[in-house]
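A.B. asks: Encoded as structure tokens, here's the structure I'll be asking about.
The values are calculated or read from the model by the stated rules, or taken from the named source; none is laboratory data. Model, not experiment: these values are computed from the prediction. For neighbour counting, all protein chains shown are included, and Cβ atoms are generated from backbone atoms with ideal geometry for every residue, glycine included. SASA here: full protein model, heavy atoms, side chains in, ligands and nucleic acids out. Shrake-Rupley method; radii C 1.70, N 1.55, O 1.52, S 1.80 Å.
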Amino acid sequence: GVTSYHRVTGVAGQSVTLPCHYNGEVTSMCWGRGACPWLNCGTNIIWTDGYRVTYRRDGRYQLNGNIGGRDVSLTINNAALSDSGLYCCRIEVRGWFNDIKTTLELKV
């Protein structure tokens, strides 16, 4: 079968935001490049403990939403053609295999 992902379109040189929200208790999460793997986020871009950013690979990546309010949308500043591709938003949920995984496709 063909897997299709929610697509976000951006313009080179401008900021683009990939949406990601969750409900329930505040928890840690990460963003990575590529489709969501079994564990973690693959190539990590940014991590948060649920309240603040704890790891950022590059200053262009930011979580500008209300992290504590469960808005962990990823903003990429000065988007480039090379930013096109799949991104994984993974919300860590207690228990085995309960994580909320969302894969988005960015087209710059």
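A.B. asks: Would you mind telling me which numbered condition in (1) β-branched (V, I, T); (2) in contact with a Leu (Cβ under 9 Å, 6 or more places away or on another chain); (3) open to solvent by 80 Å² or more (accessible area, probe 1.4 Å) V11 fails?
C.D. replies: Exception for V11: condition (2).
A.B. asks: Evaluate the following for G68: is it open to solvent by less than 70 Å² (accessible area, probe 1.4 Å) and assigned to a helix (DSSP H, G or I)?
C.D. replies: yes
A.B. asks: May I pose another question? Residues being over 12 Å from the mean Cα position of the chain (by Cα) and hydrophobic (A, V, I, L, M, F, W, C): count how many of those fall in segment 68-95.
C.D. replies: Residues that pass the stated criteria total 4.
A.B. asks: Restricting to segment 28-49, name every residue that is assigned to a loop (DSSP other than H, G, I, E, B) and touching a strand residue (DSSP E or B) at 6+ places or on another chain (Cβ under 6 Å).
C.D. replies: Selection gives G34, A35, C36, C41, G42.
A.B. asks: How many residues does segment 71-108 hold that are part of a loop (DSSP other than H, G, I, E, B), small (G, A, S) and within 26 Å of G13 (Cα to Cα)?
C.D. replies: The total comes to 4.
A.B. asks: What is the one condition in (1) farther than 15 Å from D99 by Cα; (2) surrounded by fewer than 18 Cβ atoms within 10 Å (Cβ to Cβ); (3) at pLDDT 95 or above; (4) within 14 Å of the chain's Cα centre (by Cα) that L63 does not satisfy?
C.D. replies: Failing condition for L63: (2).
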